[in-house]
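This report refers to the structure that appears directly beneath it.
The values are calculated or read from the model by the stated rules, or taken from the named source; none is laboratory data. Remember, it's a predicted structure, so these values are computed and weren't measured experimentally. We place every Cβ from the backbone using ideal geometry, glycine too, and count neighbours over all the protein chains shown. Heavy atoms of the whole protein, side chains included, go into the accessibility calculation; ligands, DNA and RNA do not. Shrake-Rupley method; radii C 1.70, N 1.55, O 1.52, S 1.80 Å.
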Amino acid sequence: LAPGESENVTIDFTIDPKAGVEYFLNLKAILKENWSLLEAGTELAAEQFQLPVFIPAEKMNLASLPALTTNETEQSVVISGENFAITFDKAAGVISSFKRGETEMIQSGPVPNFWRAPIDNDFGNNLHVRSRVWREAGKTRQVASVNVSKSNRWQESGKNRKITTTATPQNNVEVTFDFNLVNESGEPIAKYNTIYTVFGSGDVIVENHFKMTKNELPEIVRMGMNLIMPRQFNQMSWLGRGPHESYADRKTSAFVGLYKGSVADQYWAYLRPQENGNKTDVRWVAITDQAGNGLFFAGMPLLEVSAHHNLPEDFESMERTDGRQIEGAVVVNRHINDVKPRDLTSVNIDYKQMGVGGNNSWGALPLDKYRLRDKKYEYSFLIKPVTK
């Protein structure tokens, strides 16, 4: 077609849809011949369309799952099944161990996470100061209560339920943690509730509920959880947008697909260290070792995820404003070579994080639809051990 012309094109295709499978149409505009400095085959434009074709997957019959053994003490709850064991630390309100056989897959976590290493645009609009109350809110959480029960909530489908079953209480156990989130002065600012439902299959459904309790709190930067795995789990595969990083307001160039690579490859070395490597619209992600053993996380329905061989604060430069060093402050993580890989794999499993903005870099905020300004949030995901 010449410039300004248009034409209708019919694409002749048929689909025999399989249960639980999504279908997309990818279109690309590619040069047929050499043109100026561009060679034939150069991609000039592309777009992806999700097709309205979907058959739900068959529901799992949880009644057929193996039974679980639960051992509770004042300090911990250990739930064991066939070839796996999960330990909950009651004082910290976290999974402290997740073993498949003798292999330990969790070093620490998961813990609530409401923060990201400030990006250049964040400094421009003063986010690192305005929303700083959320920086340590997950780490300073206070456990208000712990409850262990045999659950039958998953027998019926309801809001946010993805499984309809006739499960018996013996093959699923519920561990509930209620937290108070506090500010730097120790004042309560929000309630946070996490419900872990462990099934005899080794699947764990994690449900998070967040509600602000203090008035006039700033917007949240991120709504998610962070966990640490041993360094040997250094491979990442995911079904979602990729292969490059994407954010709520920067994702149309990243098509939904099946991608894989090393965790190290997910790090994007910005000149000044900052948030990087996020993936959006993720259906599932697996963090594994070279042999394919590890943990699988599935969204209910979608997640944002990232993984690095660094802690989130390794990309953070809180002592600077507007991209400039504060006089007298100790410079930390100022350049690329300040970021050193650690002997761990840090995984973020998020509902959302705010967009990166960029209408300008000296005060503009991301558009409202890409900000986390609600007072309440709920999201769920599934964890399970996997092999190749």
* Asked: How about K369: which aspartates and glutamates have a C-alpha closer than 18 Å to its C-alpha, ignoring those fewer than 8 places off in the same chain?
  -> D122, E219, D249, D281, E304, D350, E378
* Quote the FRET efficiency, to the nearest 0.05, computed for L271 versus E102 with a Förster distance R0 of 41 Å and r equal to the Cβ-Cβ distance. => 0.40
* To do: Pull up the cross-link candidates among the lysines for K59, meaning alpha carbon to alpha carbon under 19 Å and not fewer than 8 places away within one chain.
  => K18, K159, K162, K384
* With just the Cα atoms of region 186-270, tell me how far they stretch along each of the three principal axes, in Å, largest first. => 42, 39, 25
* To do: Taking 7 Å along the Cα-to-C-beta vector as the label spot, tell me the N193-K28 distance in nanometres, rounded to one decimal.
  => 4.9
* So between V386 and Q170, what do we pick up on full extension, going 0.36 nm a residue minus the alpha carbon distance? -> 75.5 nm
* **Percentage relative contact order, the chain, counting C-alpha pairs under 8 Å, at least six apart** => 16
* **Taking region 1-110 and dividing mean pair separation by its residue count, relative contact order in percent (alpha carbons under 8 Å, at least six apart)** => 15
* **Contour excess over end-to-end distance, with Cα ends at L311 and R130 and 0.36 nm allotted per residue** => 62.9 nm
* Scan the chain and hand back the longest stretch that contains none of the GluC sites (Glu not before Pro) lying in DSSP loops with at most 12 other Cβ atoms within 10 Å. => 217-326
* Structure fact -> Reported to the nearest 10 Å², R231 has, with a 1.4 Å probe, an accessible area equal to 80
* To do: Towards the positive end of the charge dipole of the chain, with charges on Cβ (+1 Lys, Arg; -1 Asp, Glu), say which of S262, H309, T176 has the farthest Cα.
  => T176
* Once every DSSP H run of n ≥ 4 in the chain is given -39500 (n - 2.57) and the sum is divided by its residues, what mean residue ellipticity at 222 nm do you get, rounded to the nearest 500 deg cm²/dmol? -> -500 deg cm²/dmol
* Using the 2.2 N^0.38 Å rule of thumb for compact globular proteins, work out how the chain stacks up: its C-alpha Rg over that value, please. => 1.08
* Cross-link table K214/K352; K279/K352; K28/K279; K28/K251; K139/K340, entries beyond 19 Å C-alpha to C-alpha -> K214/K352; K28/K279; K139/K340
* Mind ranking W268, W238 by accessible surface for me, highest first, 1.4 Å probe? => W268, W238
* Label points 7 Å out from Cα along the Cβ direction at K375 and D338: separation in nm? -> 3.8
* Mind grabbing the accessible area of K352 for me, 1.4 Å probe, Å², rounded to tens? => 90
* **Selection from G200, Q232, S131 lying farthest towards where the dipole of the chain points positive, charges on Cβ** => G200
* Asked: What spacing in nm lies between the two simple spin-label points modelled at Q290 and E58, each 7 Å away from Cα in the Cβ direction?
  -> 3.8
* Compute the separation of the alpha-carbon centres of region 190-260 and region 38-79 and state it in Å as a whole number. => 13
* **FRET E, pair D120, A91, Förster distance 51 Å, beta-carbon r, rounded to 0.05** => 0.85
* Structure fact -> Descending accessible area (1.4 Å probe), largest on the left, turns T103, T14 into T14, T103
